[in-house]
Amino acid sequence: CRVTDGESQRLIVCGAKNMKPGDKVALALPGSVIAGGRRIEKAKIRGIVSEGMLCSEEELGLSARSEGILILPDDAPVGVDINAYLGLDDYVFEVNITPNRPDCMSIIGISREISALTGLPLRLPSIEVCETNERIENYVKVTIEDKELCPRYAARIIKGVKVGPSPFWIRSRIERCGMRSINNVVDITNYVLLEMGHPLHAFDYDLIEGREIVVRRARAGEKIVTLDGVLRDLDTEMLMICDTQKPVAIGGIMGGSNTEVSLDTKNILLESAYFDPVCIRRTSKKLGLRTEASQRFERGADPLNVINAINRASQLIAEICGGEILNGIVDVYPLEIKSQEVTIRIKRACMILGMDISKGEIKNILQRLGMEIRDESEDTIKVMPPSYRRDISIEEDLIEEILSLIHI
């Protein structure tokens, strides 16, 4: 291969066959050290002096296995450091989350906390969904038989997707967070889970029998093979996602292999729901199956984040995997979940905190935390906690929040 690093041309002998003229690739020059501590030097290969090496993801330490060299996007700049271009000079923060704060099990959740601490504005991703004229109601119906265990279930359909490897930026980000890359569709659902904190699941729509999703308890004697290849015995206390013939997922925990997204998948049914935390916790414990999804649902997800999450994932699937998003969302929400208003008394807050703090400072802190001021008097403030703060229900909860931000 004749390659340029932006300053000079070099001859590189390469055994891979997946590149073509004009490709942007990762070049290790003589003196470079690649994964495994191997040092690259000039070498004569079959009579030709090779002045470096074209690298695969495996050789760069980006994946355990790879086939062929890493091909970069067409707009990748020539001659820049690969670490800077791929964002590998990065930091990963490991955060310990208390059980009452599931809202912090996401990038946006932690960002909210930083925004409240610093007073800097929170920047959320822009979500734009381009839909076709075809209505989703013509393709799928959702029936919730157990409204207590599943108060809300939403679905979207994306037709004509191309399932394959994920772009490097998605794959690298989820892998840095401890997840394994599967394919672009599944990786996007995991990316949104990490970003927004709301678990999603993608089904192969063409494997859904009867064009209907039925949310119900498992029937006596039912079994399902989950995505990890394990045959699991179910009981009637477990919530299942089913089609008209069979279970296709254990609600809020793991999908079934019978509707798994594969390289042959063309059409996606995307699920976003809210499940009862107690049911998820019990089922997860009975099955000995803890997943990224179950850890969030069993602590209490945000019921108002259901639509934002499914739209964000649909947007990314259409952009990265191609396909068309059908018009509309099937959103079955029989039992509306509302936050409760909470009143805080200024004098009581000062007494418990052991310090004098003005009503104005208390109000400012509560607003920074996303609380909506509903009413106020000389000594009281009545607020509505945001839907993602399921842990705030009494006055002491608000006082605790004030303590965490006071004088910051």
Study note, to complete from the structure: residue 343: passes all of (1) open to solvent by less than 40 Å² (accessible area, probe 1.4 Å); (2) among the polar types (S, T, N, Q); (3) assigned to a strand (DSSP E or B) but (1)
Point to revise | Selection count where residues are closer than 30 Å to residue 391 by Cβ and polar (S, T, N, Q), scope the range 46-99 | key: 2
Check your understanding: For the range 227-321, which helices (runs of 4 or more DSSP H) that fit wholly inside it have 2 or more residues that are modelled with pLDDT under 95 and over 25 Å from residue 162 (Cβ atoms)?
Key -> none
Exercise for review: Quick one: count up the residues across the range 378-408 that are under 17 Å from residue 357 (Cβ atoms) and either open to solvent by 70 Å² or more (accessible area, probe 1.4 Å) or not in a strand (DSSP E or B) (or both).
Suggested key: 16
Exercise for review: Considering only the range 84-131, state which residues are surrounded by 16 or more Cβ atoms within 10 Å (Cβ to Cβ), in contact (Cβ under 8 Å) with a residue 60 or more places away in the chain and not hydrophobic (A, V, I, L, M, F, W, C).
Suggested key: 101, 102, 103, 106, 109, 112, 115, 131
Practice item. Please determine, by comparing only the residues of the range 260-281 that are over 17 Å from residue 236 (Cβ atoms) and β-branched (Val, Ile, Thr), which one is surrounded by the most Cβ atoms within 10 Å (Cβ to Cβ). Key: 268
Review point. Does residue 158 satisfy being touching a helix residue (DSSP H, G or I) at 6+ places or on another chain (Cβ under 7 Å) and open to solvent by 10 Å² or more (accessible area, probe 1.4 Å)?
Key: no
Practice item. Go over the candidates 175, 195, 137 one by one and state the one that is loosely packed, with under 13 Cβ neighbours inside 10 Å and of a type in the set (Asp, Glu). Key: 137
Point to revise | Given (1) closer than 22 Å to residue 391 by Cα; (2) in a loop (DSSP other than H, G, I, E, B); (3) within 17 Å of the chain's Cα centre (by Cα); (4) aliphatic (A, V, I, L, M), number of the condition residue 122 does not satisfy | key: (3)
Check your understanding: Given (1) closer than 27 Å to residue 176 by Cα; (2) in contact with an Asp or Glu (Cβ under 6 Å, 6 or more places away or on another chain); (3) of a type outside the set (Gly, Ala, Ser), where does residue 10 come up short, assuming only one miss?
Key -> (1)
**Study point:** Which listed residue is charged (D, E, K, R) and under 12 Å from residue 14 (Cα atoms), from 46, 39, 65
**Key:** 46
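Going by what's in this entry, would residue 215 be described as surrounded by 21 or more Cβ atoms within 10 Å (Cβ to Cβ) and touching a Phe, Trp or Tyr at 6+ places or on another chain (Cβ under 7 Å)? Walk me through how you get there before you give the answer.
On the way: surrounded by 21 or more Cβ atoms within 10 Å (Cβ to Cβ): yes; touching a Phe, Trp or Tyr at 6+ places or on another chain (Cβ under 7 Å): yes.
It is true that residue 215 is surrounded by 21 or more Cβ atoms within 10 Å (Cβ to Cβ) and touching a Phe, Trp or Tyr at 6+ places or on another chain (Cβ under 7 Å).
Could you please give the count of residues in the range 265-286 that are over 17 Å from residue 337 (Cα atoms), of a type outside the set (Val, Ile, Thr) and out of contact with any Lys or Arg (no Cβ under 6 Å at 6 or more places or on another chain)?
7
With 257, 284 as the choices, which residue is in contact with a Ser or Thr (Cβ under 6 Å, 6 or more places away or on another chain) and either surrounded by fewer than 24 Cβ atoms within 10 Å (Cβ to Cβ) or within 12 Å of residue 185 (Cβ to Cβ) (or both)?
Result: 284 is the single residue among 257, 284 that is in contact with a Ser or Thr (Cβ under 6 Å, 6 or more places away or on another chain) and either surrounded by fewer than 24 Cβ atoms within 10 Å (Cβ to Cβ) or within 12 Å of residue 185 (Cβ to Cβ) (or both).
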Check your understanding: In the range 22-58, what count of residues is obtained for those that are modelled with pLDDT under 90 and either acidic (Asp, Glu) or in a helix (DSSP H, G or I) (or both)?
Key -> 5
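Yes/no per residue for (1) on the phi > 0 side of the Ramachandran plot; (2) touching a residue at least 24 places away in the same chain (Cβ under 8 Å):
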{"residue": "240", "(1), (2)": "no, yes"}
{"residue": "243", "(1), (2)": "no, yes"}
{"residue": "246", "(1), (2)": "no, yes"}
{"residue": "252", "(1), (2)": "yes, yes"}
{"residue": "263", "(1), (2)": "no, yes"}
{"residue": "268", "(1), (2)": "no, yes"}
{"residue": "274", "(1), (2)": "no, yes"}
{"residue": "278", "(1), (2)": "no, no"}
{"residue": "283", "(1), (2)": "no, yes"}
Exercise for review: Can you confirm whether the range 231-241 contains a residue that is in contact with an Asp or Glu (Cβ under 6 Å, 6 or more places away or on another chain), open to solvent by 10 Å² or more (accessible area, probe 1.4 Å) and of a type outside the set (Asp, Glu)?
Suggested key: yes
Exercise for review: Six or more apart or on different chains, Cβ under 8 Å: which pairs go from a residue in the range 35-60 that's closer than 20 Å to residue 18 by Cα and open to solvent by 50 Å² or more (accessible area, probe 1.4 Å) to one that's outside any strand (DSSP E or B) and not small (Gly, Ala, Ser)? Could you list them?
Suggested key: 45/13; 58/65; 60/70; 60/82
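Is it the case that residue 220 is open to solvent by 60 Å² or more (accessible area, probe 1.4 Å) and either out of contact with any helix residue (DSSP H, G or I) (no Cβ under 6 Å at 6 or more places or on another chain) or modelled with pLDDT of 95 or more (or both)? Steps first, please.
Values: open to solvent by 60 Å² or more (accessible area, probe 1.4 Å): yes; either out of contact with any helix residue (DSSP H, G or I) (no Cβ under 6 Å at 6 or more places or on another chain) or modelled with pLDDT of 95 or more (or both): yes.
Criteria met by residue 220.
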Review point. In the range 1-34, which residues are touching a residue at least 40 places away in the same chain (Cβ under 8 Å), among the hydrophobic types (A, V, I, L, M, F, W, C) and surrounded by fewer than 14 Cβ atoms within 10 Å (Cβ to Cβ)?
Key: 11
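The values are calculated or read from the model by the stated rules, or taken from the named source; none is laboratory data. Everything numeric here is computed off the predicted structure, so don't read it as measured data. A quick note on method: Cβ atoms are made from the backbone with ideal geometry, for glycine too, and the neighbour counts reach across all protein chains shown. Surface areas here come from the heavy atoms of the whole protein model, side chains and all, with no ligands, DNA or RNA. Shrake-Rupley method; radii C 1.70, N 1.55, O 1.52, S 1.80 Å.
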